[in-house]
1. Pick out, from V29, G58, G119, the residue whose Cα sits farthest towards the positive end of the charge dipole of the chain, with +1 on the Cβ of Lys and Arg and -1 on the Cβ of Asp and Glu.
2. Tell me, rounded to the nearest percent, the portion of alpha carbon pairs in the stretch 105-238 spaced more than 22 Å apart.
3. So how many Å³ per residue does the convex hull of the Cα atoms of the stretch 45-101 work out to?
4. Can you give me the Kirkwood hydrodynamic radius for the stretch 24-68, using every pair of distinct Cα atoms, in Å to one decimal?
5. When the convex hull of the C-alpha atoms of the stretch 12-234 is computed, what volume per residue in Å³ does it have?
6. Could you size up the charge dipole of the stretch 98-142 around its Cα centre, putting +1 on the beta carbon of Lys and Arg and -1 on that of Asp and Glu, and report it in debye to the nearest 20?
7. Any lysines with Cα under 27 Å of the K157 Cα? List them, leaving off those in the same chain fewer than 8 positions away.
8. In nm, what is the difference between 0.36 nm times the number of residues separating K198 and Q227 and their Cα-Cα distance?
Amino acid sequence: MKAFKLLFVAAAGLFFTASATAQTADEVVKNHLTAIGGADNWKKVNSMVMEASVSAGGTDVPITISRVHNKAMKQEYTVMNMTGYTIITSEGGWNFNPFQGQTKPEPMTADELKVGMDGLDLQGELVDYTAKGHKIELQGKEDVDGTECYKLKLTRKSGRESTMFIDPKTWYCIRETSKVTVNGQEINQTVNMSNFTKLPEGIVMPLTMENGMAPAPITISKVTLNQAIADSVFKPAQ
């Protein structure tokens, strides 16, 4: 089994007006950030624990994702009393997959680590994106399952690129595509996001994510923000 990878709705009239005038990348980003709770609320997020599940072979696999902003992330899953995990920190990354016969954690490849490091930004890559060294480009519109979305190209400081598809009615990002390297081969990855929910802290997140690299949609059942997470959580077993 593979480790799984892993972003508010106002008055319709307001969104109609905004969608008619949003013609620049910065305007699209601004509307998107407002819709998902605002940059200020996201800047208050320093840690996150998500409880989720995915169906694999008729079995619901529980997944716990623990993240500390710009510091560390761990994705842990349990099947048949065996637990595997992926750990990424600012210092390195490890995979442990007992279902493939591993008996101890193994270091990530350079390609895996590059993607993982980008994911350590818990507050969102579009928040203060210029200060972070990222670039965005509005590439017109494109149909996503019947919705004509704004197409935003994100080029990270690391050089890795993604394309985000923003629904002009809700300003949510409902799809993100990128290229990832798996087993030495570059493949296209598409993540579809839905079931957007506003948390008590004011931010909005998709609680259902369909990743072409996962066997089924990942459903998030609980999100806890800003609780203390011990450093030991992110240390691979010896």
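What follows is calculated from the coordinates using simple rules that are stated; it is not laboratory data. Because the structure is a prediction, the values reported are computed rather than measured. With ideal geometry, Cβ positions are generated from the backbone for all residues, glycine too; neighbour counts draw on all protein chains shown.
1. Working it through, the farthest residue towards the positive pole turns out to be G119.
2. Numbers: 4303 of 8911 pairs.
So the pairs more than 22 Å apart make up 48 percent of the total in the stretch 105-238.
3. Working: hull volume 4.2 nm³, N = 57.
Considering the Cα atoms of the stretch 45-101, their hull volume per residue is 73 Å³.
4. Numbers: mean 1/r = 0.0755 Å⁻¹.
Its Kirkwood hydrodynamic radius stands at 13.2 Å.
5. On the way: hull volume 31.0 nm³, N = 223.
Roughly 139 Å³ of hull volume per residue.
6. 60 debye
7. Straight-distance partners of K157: K5, K30, K43, K44, K71, K74, K114, K132, K135, K141, K179, K235.
8. Details: separation 29, 0.36 × 29 = 10.44 nm, distance 1.83 nm.
Result for the pair: 8.6 nm of gain on full extension.
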